[in-house]
Amino acid sequence: MLQVLKDYLDELKKIDIEAAAIIIYSTLVLLFAIFLRRTHIILPRDVFVERLIVVGLIYVVTPFFLYFVFKHEPKDFGISLGNPKQWLKEVLFFYAIFLIILFITFKFTNLKNVYPLYRKATHGMSYFFFYQLIQLWYMLGWEFFFRGFMLFGLERTFGRLSILIQAIPFAIVHFKKPQIEAYGAIFAGIFLGIIGLRARTFLPCVLLHYLILLTADILGILF
């Protein structure tokens, strides 16, 4: 029996410690965010918006625990400007493509009845701009977690395979979204991962993802 335990411990020792820490820690953080209920801290009367603020904060702050444990520099987690002149062109190019896809999707599916997710955003411009500010904050945390912390953190061990690894939990956390969007998240996660690694920063992923959501909100109101 002791030999069996020793064999298992020997197998564990073969696993890269940092990669294992990132995967396990990321899973714990995502589960915590999923199970998190009302916090009654910031906007107790507006559950949806408060959740975006709090969960966005969790995505931004929690990765820095391992950041300090493994003594990394900001760029090691994609915290860099990269080359904005280059990745801005790519973001605008791909946004134009997604714009066509969004128009077709909203025309022929029920997504027009889903967006904006914050229904008060349809009550006036003040509500709409307030929601967009919160959504931008949430996207910053969201993309930093997946296309910063996970993508770049796992790249050191798995190389380009980190694109596929981070795309798995990214797609799974879309389980409450419409099926067409949830399945599309598989490919979106891979696509955003490629953009992040090419740019050596998670910032273009924030911009592109936010522009897509902003457009979805506008189309949801117009349609």
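Restricting the first member to region 21-48 and to residues that are in a helix (DSSP H, G or I), and the second to residues that are at pLDDT below 75, the beta-carbon pairs closer than 6 Å and six or more apart or on different chains are V47/R38. Here I165 meets each of (1) free of Cβ contacts under 8 Å to residues at least 24 places away in the same chain; (2) within 24 Å of A19 (Cβ to Cβ); (3) more than 11 Å from the chain's Cα centre (by Cα) with one exception, condition (1). Take the conditions among the aliphatic types (A, V, I, L, M) and either under 25 Å from F175 (Cβ atoms) or exposed (fewer than 14 other Cβ atoms within 10 Å of the Cβ) (or both) and apply them to L88. Does it pass? No: the conditions fail for L88.
Condition test on L12, is it at negative phi, surrounded by 12 or more Cβ atoms within 10 Å (Cβ to Cβ) and among the aliphatic types (A, V, I, L, M)? No.
State the number of residues belonging to region 95-118 that are under 22 Å from the mean Cα position of the chain (by Cα) and assigned to a helix (DSSP H, G or I). Full working, then the answer.
Filtering region 95-118 down to residues under 22 Å from the mean Cα position of the chain (by Cα) leaves 95-99, 101-102, 105, 111, 114-118.
Filter once more, keeping what is assigned to a helix (DSSP H, G or I): 95-99, 101-102, 105, 111.
Of the residues in region 95-118, 9 are under 22 Å from the mean Cα position of the chain (by Cα) and assigned to a helix (DSSP H, G or I).
Here L164 clears all of (1) modelled with pLDDT of 95 or more; (2) closer than 20 Å to V55 by Cα except the condition numbered (2).
The test for being at pLDDT 90 or above, out of contact with any helix residue (DSSP H, G or I) (no Cβ under 9 Å at 6 or more places or on another chain) and in a helix (DSSP H, G or I) does not hold for L52. One residue stands out among those in region 54-77 that are farther than 15 Å from L28 by Cα and in contact with a Ser or Thr (Cβ under 9 Å, 6 or more places away or on another chain): the one that is surrounded by the fewest Cβ atoms within 10 Å (Cβ to Cβ), which is P74.
With respect to the conditions (1) farther than 27 Å from G220 by Cα; (2) in contact (Cβ under 8 Å) with a residue 60 or more places away in the chain; (3) in a loop (DSSP other than H, G, I, E, B); (4) not acidic (D, E), K71 falls short on a single one, namely (2).
The values are calculated or read from the model by the stated rules, or taken from the named source; none is laboratory data. What you see is a predicted model; the values in this text were computed from it and never measured. With ideal geometry, Cβ positions are generated from the backbone for all residues, glycine too; neighbour counts draw on all protein chains shown.
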